[in-house]
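Data first, discussion second: the structure below is written as structure tokens.
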Amino acid sequence: LILAFIGDGAPTGNYGYTNSGYSVYEEENERLTESLRTKVSAIKSLSIEIGTEVKNQNKMLSEMDNDFDSTGGILGATMGRLRTLSRGSQTKLLCYMMLFALFVFFVIYWIIKLR
């Protein structure tokens, strides 16, 4: 509370302030208190909303972490298969690729010939 200083010649029975001065300060205090209460209420609701959003974001990040872990496992298995394939005979792989290219060439030639 804001209290007025003891004025000159003020009676000591009313603790140094007059009734009109006290009511002005009291009204100002009430107005400021209500303003502060409103602001605290707004900050409280905002902090609750922020907390809810943080919980949702943490849940989403956890789910993404699980998804990335499973994707990493799949990618690791695929890389293992590629390593196994690359360790195999290069001649055999080259022969398969040549046969496939020859097959595609004959299919395209046959399609053009039928037109």
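Values for this structure:
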item	result
Anisotropy class of segment 17-88 from Cα gyration tensor, a/c 1.5 cut	prolate
FRET efficiency, 1/(1 + (r/R0)^6) with R0 25 Å, evaluated for N58 and E34 via beta carbons	0.10
Area accessible to solvent at E49, 1.4 Å probe radius, in Å²	120
Spin-label model distance (nm) - I43 vs S23, 7 Å beyond Cα toward Cβ	3.3
Backbone HN-Hα couplings from phi across segment 44-54 [Karplus 6.51/-1.76/1.60, Hz, Gly and Pro as x]	5, 5, 5, 5, 5, 5, 5, x, 5, 5, 5
All lysines inside 24 Å of K44 as judged from Cα atoms, apart from same-chain residues fewer than 8 positions distant	K55, K59
Residues of type lysines that K113 reaches as a straight line, Cα spacing below 23 Å, ignoring anything fewer than 8 places off in the same chain	none
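The values are calculated or read from the model by the stated rules, or taken from the named source; none is laboratory data. None of these values were measured; they are calculated from a predicted model. FYI the Cβ positions are ideal-geometry reconstructions off the backbone, even for glycines, and counts take in every protein chain you see. The area values use the complete protein model at the heavy-atom level, side chains included, leaving out ligands, DNA and RNA. Shrake-Rupley method; radii C 1.70, N 1.55, O 1.52, S 1.80 Å.
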